[in-house]
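One structure is given below, encoded as structure tokens.
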Amino acid sequence: MNIGYQNGQDIYYPQIVRLIKKNNKTLLQPIFEAFTNSIEAIKNRDNGFITITLYVTKDLHGKEMDLSNFQKVVIQDNGVGFNDDQFNRLLRLYDNRKGYSNRGTGRLQFLHFFNETKITSIYKEKDVYKIREFVLSKAENFLKNNAIVRLDREETTNINETSTILTFLTPLNTSDKKNETVFFNSLKAEQLRDEIIKHYLPLFCGMKNNFPDISINTVIDNKNIQEKFFKISATDIPDPDKKDISIEINYSKIEGNKTVYSTSKETFSISAFCLPEKELEYNAIKLVSKHEIAQDMKLDSLLPQDIIDGKRYLFFISSDYIDNKDTDTRGQINILTTGDYIKRNNNNLDLEEEILFDDIVTITNQKILSLYPEIGEWRKRKDKEIEELRKMFLLNQKTLDGLKFSIDTSVEDILYAVYKKDAELVAQKDAVMRNHIKDIQKLTPNKNDYQEKLLEQVNVLVKNIPLQNRTALTQYIARRQIVLAVFDTILNNEQKKVELGGRIDEKILHNLIFQQSSSNPDESDLWLINEEFIYFKGASEQHLSDIQYNGKNIMKDKSTLTVDEKEYLNSFKKKRLKQKPDVLLFPDEGKAIIIEFKAPDVDVSEYIGQVDFYANLLRNYTIDEFQITTFYGYLIGESIDNRDVLGHVPYAVHSYQFDYWFRPAAPVHGFSPRNDGSIYLEIIKYSTLLKRAIKRNEIFMKKLGIDNVGFVNENE
């Protein structure tokens, strides 16, 4: 063999270097290529070894970042070496006589990553040991000689052991985003060991009975640092939980404008690992080509960080079909998706039958669920939880469809993600609306196209505003749905308590509707009784003498009461102005709403006069400037007998819709000099209130297009 540049025969290297692209999947690709060659070289040896050494010098300015100055990477093995057959093959491309379906193009990755790759190899030819030294590069002086290899030395040697030492020198910086020098300066031996284990795990699993001696170390300033020394042994390689699980996938062909399955099939093999979360960073399915990790594939039922009972899952899919679809850029698999296959047909290409990537994904995921039913169960539980949240908080299904949640994602994080996404959409729409409003303001009425432009802008606004309205209203309605659900649960539980002989405190339902001692109806759930009540001023469970309106006490104080009024208000040792209506609201001047709650086990009819009594006190003993003449009373409980109601209120009328009684206006007697007022009274069950409120909410929900109306009653 002539010393010097090895000119290509029937091949133009400058063109080949341009055609076969750099593999940017990982900056470790050249090391992987060299490691694969070493594995191939030692495969028939019982005592094979591979050593990778990172040579660096200390970076005095980079200690805080733990950086070094990269010098070189050296990979050594005791394989068969670059004999004449191997060296001649190095000079040829697309030679597939080597194993692993290898066509010899992997060496081009050396050229794309490093300025020079030096190889010193000792091999045996006819019982004679020889040494061969050569360099690979795509530097200008190589390509102008139509070469990528320069042979520097070839002679016999006294060394009688085959080996190869490969040295990568001077990274080529071809991308600002993936700066090779920075990467290799920060590369650590432990990191490299872990990456090699991950990349070659499918291969290592099959080698455990004859595992080579693999070590990675770091030499700093030409000193071998023992603590920077790492080995890979068979004990580092986990055993598959399940292996060699076969699945069959049909080829597809085109009939008309769609794909159909043919009768031809290929067999694919699944190996599955179920490992503690600390040993496996994420769940994944990986295509394996030539015993190396090639690319990820979608895992439908698990997100990468999901953990089931402290375990994560890893699946390898291998097949001769995948090996044969590997490209010149090793690890890039040329398997078509359904869409790409149909597109090629539309381009009038003469298509052969193909295994489609979509089918590999679908059938593999189906098989995984049959191998590990617990994965499907966990996903169903998470999906059920998300559906419950959707119903409870009326979450937008389109927003949910665009988000993915892991099995252990908390409820808080799910809601945060949904609301954040909704807020982003609203913000985008608001920005659009602002721009269109600005455009409308710029329109000039005297322009000929004014009307047309105005209509155009208005149409855009009309389309955008409903999203904001819907989002805000949906959250408002969702909050009400929760209150209805809680109301329903409390009412059912309280009734069961009565059946068991227990007593019930009315405060539970009172506080749900309007917190006791509160004076903020707008923060209450009085809408359960009437939508308008939350807009009025008022108080809950406060002494009449302490109730204020616009910062002023509504009842007369001792200094303004007559002697006769004082005697009455305190007669029979009763402090009548210390009475506390459950709820007292003031919708307008001269009007008041009185609401009384009774425990579900209390006979409501016995308290019908209580509302009238409060009305009488308010009619006659408020300050002169705050006189109330019109009252609306609500007596709310659950134990209501129709005959008892009619016995106490002869003029009561049963409603034509829902189940409640009302009494039309009755007089509230005014003591001289005040005239009579009037009071309207409703006697209603909690369960009826609930039904009425649900009905009102349903109307809103139907307008919003929400389909889970009435969910609060799903236990009935």
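Kindly express, to the nearest 10 degrees and within the range 0 to 90, the angle between helix 29-42's C-alpha long axis and the longest C-alpha principal axis of the chain.
50 degrees
Residues of the range 603-620 with the amide nitrogen closer than 18 Å to a label point 7 Å from the Cα of Tyr568, along Cα-to-Cβ, please.
610-620
Roughly how far apart, in whole Å, are the Cα centres of the range 507-559 and the range 387-424?
36 Å
Quick one: what are the phi-derived ³J(HN,Hα) couplings along the range 152-165, Karplus 6.51/-1.76/1.60 with θ = phi - 60°, whole Hz, x for glycine and proline?
Listing the rounded values in order: 9, 7, 7, 6, 6, 9, 7, 6, 10, 9, 6, 6, 9, 10 Hz.
Give me the angle, in degrees from 0 to 90, between the Cα long axis of helix 373-393 and the longest principal axis of the Cα atoms of the chain, rounded to the nearest 10.
Between helix and principal axis, roughly 40 degrees.
Tally Lys/Arg at +1 and Asp/Glu at -1 over every other residue whose Cβ is under 14 Å from the Cβ of Lys552; what's the total?
Spelling it out: positives minus negatives among the neighbours equals -3.
Within a Cβ distance under 12 Å of Asn365, other residues only, what is the Lys/Arg minus Asp/Glu net charge?
0
Sort Tyr632, Tyr686 by Cβ crowding within 10 Å, fewest neighbours at the top.
Fewest-to-most Cβ neighbours within 10 Å comes out as Tyr632, Tyr686.
Report the charge-dipole magnitude of the chain in Debye, nearest 20, computed about the Cα centre from +1 at each Lys and Arg Cβ and -1 at each Asp and Glu Cβ.
Taking the Cα centre of the chain as origin, the dipole is about 1320 debye.
List the residues, sorted by chain then number, that are 5 or more residues from Val219 or on another chain and whose placed amide H is less than 5 Å from its amide H.
Leu54, Tyr55, Val56
At Thr444 and Leu369, where each label point lies 7 Å from the Cα along Cα→Cβ, what is the point-to-point distance in nanometres?
Here the answer is 6.5 nm between the modelled labels.
So for the pair Tyr419, Asp644, with labels modelled 7 Å out along Cα→Cβ, what separation do we get in nm?
4.4 nm
May I ask you to compute the full-extension gain from Gln451 to Gln295, defined as 0.36 nm times their residue separation minus their alpha-carbon distance, rounded to one decimal in nm?
Value of the extension gain: 50.4 nm.
May I ask you to derive the FRET efficiency for Ser186 and Thr338 from their Cβ-Cβ distance with R0 = 45 Å, giving the value to the nearest 0.05?
After rounding to 0.05, the efficiency reads 0.65.
Using the Karplus curve 6.51 cos²θ - 1.76 cosθ + 1.60 with θ = phi - 60°, what ³J(HN,Hα) values do you get for each residue of the range 274-289, in whole Hz, with x for Gly and Pro?
My calculation for the range 274-289 gives 10, 10, x, 4, 5, 9, 9, 5, 7, 6, 6, 10, 10, 6, 10, 10 Hz in order.
Hey, can you grab everything whose amide H is under 5 Å from the amide H of Val649? Only 5+ residues off in sequence or another chain; H modelled, so Pro and N-termini drop out.
Result for Val649 returns nothing.
Taking the structure as given and computing mean projected area of the Cα convex hull in nm², which label from (1) 34.6; (2) 55.6; (3) 31.5 fits?
Computed from the coordinates, mean projected area of the Cα convex hull in nm² corresponds to (2).
May I ask for the net charge around His648, where only other residues with Cβ less than 12 Å from the Cβ of His648 are counted and Lys, Arg are +1 while Asp, Glu are -1?
Around His648, the charge tally is -3.
With angles folded into 0 to 90 degrees, how steeply does helix 411-442 sit against the dominant principal axis of the chain? Use alpha carbons for both and round to 10.
On a 0 to 90 degree scale, this one is about 80.
Got a sec? How would Arg674, Arg643 order by Cβ neighbour count within 10 Å, fewest to most?
The order, fewest Cβ neighbours first, is Arg643, Arg674.
For the chain, what does the relative contact order come out to in percent, with C-alpha contacts under 8 Å and a separation of six or more?
Computed over the chain, the figure is 7 percent.
Readers should treat all values here as calculations from the given coordinates under stated rules, not as data from a laboratory. Source: prediction; values computed, not measured. Positions of Cβ are generated from backbone atoms using ideal geometry, with glycine treated the same way; all protein chains shown enter the neighbour counts.
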